[in-house]
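Here's the structure, in structure tokens; my notes come after.
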Amino acid sequence: RVQSVFMPKDKVTQTHNGYGFVEFSDVADADYAIQVLHMVKLYGRPMRVSKSSLDSKKQSASADVGANLFLGNVHPTDVDEALLYDTFSAFGTLIR
């Protein structure tokens, strides 16, 4: 299940910085998303998908936190949180 999608914005330009995070409730769904979507082109740019380094810190604090993925090389103007949510929703049931 996709718990959340977050793409940080530049404070001055209000555009996305070219990276984002997707949180899954199930580690198996997150691992499958990494296998399938890593280096898949989205708007002409190969998207890097990997486990977030924040994931290991959060899991030690709470047992019911899922898996956080880092998305790199995301097109800053053509890709938004809604598109990423729709893309990653294929890897589990959605929770809004």
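Ranked by the mean number of other Cβ atoms within 10 Å of their residues, highest first, the peptides 73-85, 14-26, 38-50 fall in the order 14-26, 73-85, 38-50.
The length gained on full extension between SER53 and ALA28, counted as 0.36 nm times the residue separation minus their Cα-Cα distance, comes to 7.3 nm.
Under 5 Å from the amide H of ASN73 lie the amide H atoms of ARG48, each residue being 5 or more positions distant or on a separate chain, with H modelled from the backbone and absent for Pro and chain starts.
Read-outs throughout are calculated quantities, based only on the coordinates presented, and are distinct from any laboratory measurement. Quick caveat: nothing in here was measured; it's all calculated off a predicted structure. No Cβ is skipped: glycine too gets one built from the backbone with ideal geometry, and neighbour counts run over all protein chains shown.
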